[in-house]
Amino acid sequence: VQLQASGGGLVQPGGSLRLSCAASGRRLSGNSMGWYRQAPGKQREWVAVFYPGGSTNYADSVKGRFTISRDIAKNTLYLQMNSLKPEDTAVYYCKANTPWNVYWGQGTQVTVSS
């Protein structure tokens, strides 16, 4: 399984970005997938998760601003990020949990700055 994250970039405070995480090698519709982020000098932290049944959960810091979704046909996970703040600046990673392994994408940089 390979995860390819994309969609990061530079955006002004209050702006929006949509991250994508394309999975290849195996269909992951039956597995939970999520987004994490790591800011400079900080530990990697969980951002959001999408469960196989369609339920989702978010870290308090992004609740109401970020939306995680999934396109089963495209085997792709998304993170819509609205009302971005400078403190959202980080490298964002996608993760897939399977019974046999945990897979990470390579990360995509999100920078929120004026």
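The values are calculated or read from the model by the stated rules, or taken from the named source; none is laboratory data. The structure presented is a predicted model; accordingly, all values stated were derived computationally and were not measured. Please note: Cβ atoms are built from the backbone with ideal geometry, for glycine as well, and neighbour counts cover all protein chains shown. Please note that ligands, DNA and RNA were not included when accessible areas were found on the heavy atoms of the full protein model with its side chains. Shrake-Rupley method; radii C 1.70, N 1.55, O 1.52, S 1.80 Å.
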For this session: Return the inverse of the average 1/r over all pairs of distinct C-alpha atoms in region 65-114, which is the Kirkwood hydrodynamic radius, in Å to one decimal.
Result: 12.6 Å
Problem set entry | Cα gyration tensor of the chain - equivalent ellipsoid semi-axes, whole Å, descending | 23, 14, 13
For this session: Would you kindly state how much longer the chain becomes between residue 6 and residue 113 on full extension, computed as 0.36 nm times their sequence separation minus their alpha carbon distance, in nm to one decimal?
Result: 36.6 nm
Problem set entry | Sites residue 18 and residue 101 - FRET efficiency at Förster radius 30 Å, r taken between beta-carbons, to 0.05 | 0.65
For this session: Compute the accessible area per residue over the chain, keeping the other protein chains in place, probe 1.4 Å, unit Å².
Result: 52 Å²
Problem set entry | Selected from 59, 48, 23 as most flexible by GNM, with the chain as the system and alpha-carbon contacts under 10 Å | 59
For this session: Grab the other residues whose beta carbon is less than 14 angstrom from that of residue 114, score K and R as +1, D and E as -1, and report the net.
Result: -1
For this session: Considering only 36, 92, 103, give the residue with the highest GNM mean-square fluctuation for the chain, with springs between Cα atoms whenever their separation is below 10 Å.
Result: 103
Problem set entry | Charged-residue dipole, Cβ positions (Lys, Arg, Asp, Glu), the chain about Cα centre, Debye nearest 20 | 180 debye
Problem set entry | Summed residue charge, Cβ within 13 Å of residue 76's Cβ, Lys/Arg positive, Asp/Glu negative | +3
Exercise. Once the piece of chain linking residue 59 and residue 85 is laid out straight, how much longer is it, given 0.36 nm per residue of separation minus the C-alpha distance between them?
Worked result: 7.9 nm
